[in-house]
Each structure stands twice: as structure tokens, then as C-alpha cells.
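Report on the structure given below.
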Amino acid sequence: MCDYKISDRAYTKLIFHAAKYPHQAVNGLLLADKTSKGSLLEIVDAIPLFHQCLHVTPMAEVALMQIDAYAEQEGLVIAGYYAAPENFYDNQIDKAPAVKIADKIQDNFKNACLVLVDNKLVTLEHDRAAIQVYTCAGDSGRWSKAKFTLSQSAQTLEGVSLLLKRGAMRDVIDFDNHLDNPENDWTNDFLNQSLNDLQKLY
């Protein structure tokens, strides 16, 4: 069984993605350091995928290949999947969109996690982590709740609150935005730099 640590960058980006499209389901991939070993896996980044068609499609296959190549270049590995359901109250794993993508990731990375955004907790007064984390333990193929910690928890939640109030979630770019206009950078390099600058303030 693996425990997880979610970095401030990964957490902020997946919450921003859910907040940018509050009336739609969204999903994305989670990246970890390729050299991670042991029973604690740190998720260091999130790559927003889609807010329109979330299921396994040719576009999803293209996105997975491009993100896998990007991760390889950065010394990272695709280590998880996140989703925010469309319905405000659907915070159970059986309601999560496109879980088959998570299953596919787990086939290639045995300690992969599935992160489900709890829409009810995505608020401007962000005082606790708005996610549930799952792991696929044993050979059952079933996802079950896992232990997780949020990096710099208090500061991260305070920073997310502040940025949501400023409307910063509008800056996040997902793969759908990239398909609409290839100049849209799905790696969110600009946002990553902004988050790094904010982190220095704490």
C-alpha cells in the first residue's frame, strides 16, 4: 500500500481546473519524480486534460503520448489521474468520469493514484483539501481510499484561496484549450512560474 504527498503545484492546478469549469466534469494527469521509491509517492505536477469529452478517445491517446514524452524529458512519470465530476454531489469513485484512464495508468505504474475532487469543498474560503485520494491495492483491481498529505498544507490552502478570489483559475490551460489553439501551452509553464514566485512569499 502506498501513501501520497500532493505538492502545492499539483494541488493548485487541479483545483484551478475544476474551478475554471464549475459546470463541467474535468480530468487530468498527475506526475511524479521518476526516481521515487518506497511507500511514499510525491505527486509533483498536474497536467489538465479535458473539460469537454473526458473518455478514452483518439484525442485522449494523443494527449497521453505527448504528456508521456514531456514527462520523460523532465525526469517524471505519469503516476496518477484526477477527475472532478460534473454533478456537485457526485464525490464517489463510481461516479468519477473516465476511470478507465486511471486503470490504464495503473497498468503501467503500479503505485498510481486516482484523485477525486470534492466539488463541495472547492470554495473561495479554501480551508481544507478538496480532494480524496485512492490507490489500487493488490490484484483486485479495485480503487480504495489512500492516505495522503498536502505539501505545506496551511500555506497551500491559503494561497489557493487568495488566487481563486483573484480569478487566477482562468489562467489554467487544458488539452482542450490546446486543441482549440495550438499556441495554448498545456504544460502551463507561465502558471508554474507564477506558483513558484508565490511559494517564495511563504
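For the range 64-104, which GluC sites (Glu not before Pro) are in a loop by DSSP, counting at most 15 other Cβ atoms within 10 Å?
Details: sites: 72, 74, 86; in loops: 74, 86.
Answer by residue number: 74.
Could you sort 109, 148, 16, 88 by accessible area so the largest value comes first, with the probe set to 1.4 Å? Can you show the working numbers first?
Numbers: 109 45, 148 65, 16 0, 88 100 Å².
Most to least solvent-accessible, the answer reads 88, 148, 109, 16.
What is the extension gain from residue 107 to residue 170, computed as 0.36 nm multiplied by their sequence separation minus the C-alpha to C-alpha distance, in nm to one decimal? Write out the running numbers ahead of the final one.
Working: separation 63, 0.36 × 63 = 22.68 nm, distance 3.33 nm.
Gain on stretching residue 107 to residue 170: 19.4 nm.
Looking at the chain as a GNM with Cα springs under 10 Å, which of 178, 17, 51 has the largest mean-square fluctuation?
178
With a 1.4 Å probe and every protein chain left in place, work out the accessible area per residue of the range 84-128 in Å², rounded to a whole number.
Values: 2560 Å² over 45 residues.
Ligands and nucleic acids excluded, the figure is 57 Å² per residue.
Estimate the FRET efficiency between residue 149 and residue 194 by the formula 1/(1 + (r/R0)^6), using the beta-carbon distance for r and 25 Å for R0, to the nearest 0.05.
Taking R0 as 25 Å, the efficiency between residue 149 and residue 194 is 0.60.
Over the range 1-119, calculate the relative contact order: mean separation of alpha carbon pairs under 8 Å at least 6 apart, over the residue count, as a percent.
Numbers: 223 pairs, mean separation 33.8, N = 119.
For the range 1-119, the relative contact order is 28 percent.
Could you work out what % of the accessible surface of the chain is carbon and sulfur, using a 1.4 angstrom probe and leaving DNA, RNA and ligands out of the count?
About 50 percent, which is the carbon plus sulfur part of the accessible surface.
Return the inverse of the average 1/r over all pairs of distinct C-alpha atoms in the chain, which is the Kirkwood hydrodynamic radius, in Å to one decimal. Can you show the working numbers first?
Numbers: mean 1/r = 0.0600 Å⁻¹.
With all distinct Cα pairs of the chain included, I get 16.7 Å.
What distance in nm separates the two pseudo spin-label positions at residue 94 and residue 40, each 7 Å out from Cα along the beta-carbon direction?
Once both label points are built, they end up 3.5 nm from each other.
Work from the charge dipole of the chain (Cβ charges, +1 for Lys and Arg, -1 for Asp and Glu, about the Cα centre) and give the residue of 182, 44, 135 farthest towards its positive end.
Toward the positive end, the furthest listed residue is 135.
Do the alpha carbons of any pairs in 5/120; 20/145; 110/147 sit beyond 18 Å of each other, and which pairs? If you can, show how the numbers build up before the last one.
Details: 5/120 22 Å; 20/145 26 Å; 110/147 16 Å.
The pairs that break the limit, which is 18 Å between Cα atoms, are 5/120; 20/145.
The values are calculated or read from the model by the stated rules, or taken from the named source; none is laboratory data. Predicted model only: the values in this text are computed from it and were never measured. Cβ coordinates were reconstructed from backbone atoms using ideal geometry, including for glycine residues, and neighbour counts include every protein chain displayed. Protein only, heavy atoms only, side chains kept; ligands, DNA and RNA dropped before computing areas. Shrake-Rupley method; radii C 1.70, N 1.55, O 1.52, S 1.80 Å.
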